[in-house]
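J.: Take a look at this one; I'll ask things after.
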Amino acid sequence: MSKVLIVKNLRAGYRGQEVIKDISFSVEKGEKVVIMGPSGSGKSTLLKCLVRLIEPWGGTIIIDGTNVMNHNVDIRKIRMKTGFVFQSYNLFPHMTVLRNITLPLRVVKKYSNKKAEEIAMSVLKIVGMEEYANRYPLQLSGGQQQRVSIARALAMEPVILFLDEPTSALDPELREEVLQTLRKIARRGKSMLVVTHELDFAEDVADHIILVDQGIIIEEGPPNEILYNPKNERTKRFLKSIMRRMKNSNS
Ligand code: ADP
Ligand code: MG
């Protein structure tokens, strides 16, 4: 198997405060990797560093064979190869669902309107939103908007999808439709790096779970080890806090 992402000794931070302290991991082609960890542990910073939305302090990042940290690299080309889905949907409110997806295809990939629309409709179908192509984002539920964001990311045919807590801004009853969409995309073989605290999703979908705390990887392994037989005390404490939160939100 080949690796779509290699991260070695990554360090990053803000104004002298080190947030990512020597993180190394990799993602194989087709692999799903879930990142978990307490709030403020550096998960979002880590994801943003991978396409230099935040400039890392040091380390190596290789995406699809290209050294992202190379000074001569065209970072826009790297970003074009990846898909990003954030906690909030970031759709343009004044454009229809269809145009939200066709715009980057036309502007960034220089596709014709016809080709862009064909691709947009095919990805909307994957996320179950093809009937909403002519609606505006604010006419949709949060879950539907997030599914459109996922479709927009998929439309660019990324070598890897980065998702940062894609369900955490949603009400519990809307989360499941987004998780089902992500399960479907996972089954289609897309490489994915997902920050999430959805334990059922992590158990079903992840090949590998990485636990981050205070900017370092404290534990990693397959879901059955990390979720059912964690070795690190901090991992145990973290999982307990997640389960407590889940119980509270379900009651
Ligand atoms: P997580 O996603 O795991 O909750 P973040 O990566 O968002 O963690 O944040 C890690 C640390 O970096 C936190 O202490 C946070 O306050 C700090 N931080 C995040 N973004 C910024 C920023 N733009 N400027 C300064 N500090 C930041
Ligand atoms: Mg975050």
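Coordinate-derived values only; no laboratory data. Just so we're clear, the structure is a prediction, and the values are computed from it rather than from any experiment. No Cβ is skipped: glycine too gets one built from the backbone with ideal geometry, and neighbour counts run over all protein chains shown.
J.: In the range 85-157, how does Rg compare with the Kirkwood Rh, expressed as the Rg/Rh ratio over alpha carbon atoms?
T.: Numbers: Rg = 10.8 Å, Rh = 11.7 Å.
My calculation of the ratio gives 0.92.
J.: Quote the Stokes-Einstein diffusion coefficient, in whole µm² s⁻¹, for the range 25-166, based on the Kirkwood radius over alpha carbon pairs, a temperature of 20 °C and a viscosity of 1.002 mPa s. List each step's numbers first, then the result.
T.: On the way: Rh = 16.2 Å.
The estimated diffusion coefficient comes to 132 µm²/s.
J.: What's the Kirkwood radius of the chain in Å, using all Cα pairs? Provide the component values of the computation, followed by the final result.
T.: Details: mean 1/r = 0.0533 Å⁻¹.
Evaluated on the chain, it is 18.8 Å.
J.: Still on this model: Distance in nm between label sites at HIS71 and ASN113, each 7 Å beyond Cα in the beta-carbon direction?
T.: That separation, rounded to one decimal, is 4.5 nm.
J.: Still on this structure, please answer the following. Of all DSSP beta bridges in the chain, what percent run antiparallel (nearest 5)?
T.: Numbers: 21 of 37 bridges.
Beta bridges within the chain, antiparallel portion: roughly 55 percent.
J.: Less than 23 Å apart at the alpha-carbon level, and either on another chain or at least 8 residues along: which lysines does that give for LYS240?
T.: LYS43, LYS231
J.: Tell me the mean residue ellipticity at 222 nm calculated for the chain from its helices only (DSSP H runs of n ≥ 4, each -39500 (n - 2.57), averaged over every residue, nearest 500).
T.: Working: 9 runs with 100 residues, N = 251.
-12000 deg cm²/dmol, from helical runs alone.
J.: Something else now. At what distance in angstrom do the alpha carbon centres of the range 20-71 and the range 136-180 lie from each other?
T.: 21
J.: Residue-wise, which Karplus ³J(HN,Hα) couplings in Hz belong to the range 22-35, taking 6.51 cos²θ - 1.76 cosθ + 1.60, θ = phi - 60°, and x for glycine or proline?
T.: Taking θ as phi minus 60°, the curve returns 6, 10, 9, 6, 8, 10, 6, 4, x, 7, 10, 10, 9, 10 Hz for the range 22-35.
J.: I would also like to ask the following. Can you compute the label reach from LYS247? Point 7 Å from Cα along the Cβ direction, backbone N cut-off under 15 Å, restricted to the range 221-240.
T.: 237-240
J.: Magnitude of the Cβ-charge dipole of the range 125-251, K/R +1 and D/E -1, about the Cα centre, nearest 20 debye? List each step's numbers first, then the result.
T.: Values: 18 positive and 19 negative charges, 23 e Å.
For this selection, approximately 100 debye.
J.: Something else: Please list, in order along the range 44-59, the HN-Hα scalar couplings obtained from phi with the Karplus expression 6.51 cos²θ - 1.76 cosθ + 1.60 (θ = phi - 60°), rounded to whole Hz, x for Gly and Pro.
T.: 5, 4, 4, 4, 5, 4, 5, 10, 6, 5, 10, 7, x, 7, x, x
J.: Then there's this: Karplus couplings for the range 128-142 from phi (6.51 cos²θ - 1.76 cosθ + 1.60, θ = phi - 60°), rounded to Hz, Gly and Pro as x?
T.: x, 10, 5, 6, 9, 4, 9, 7, 9, x, 6, 8, 10, 6, x
J.: Okay, moving on. Please give the contour-minus-distance gain from ALA169 to ARG237: 0.36 nm per residue of separation, less the Cα-Cα distance, rounded to one decimal in nm. Mind dumping the intermediate values first?
T.: Working: separation 68, 0.36 × 68 = 24.48 nm, distance 2.34 nm.
Full extension from ALA169 to ARG237 adds 22.1 nm.
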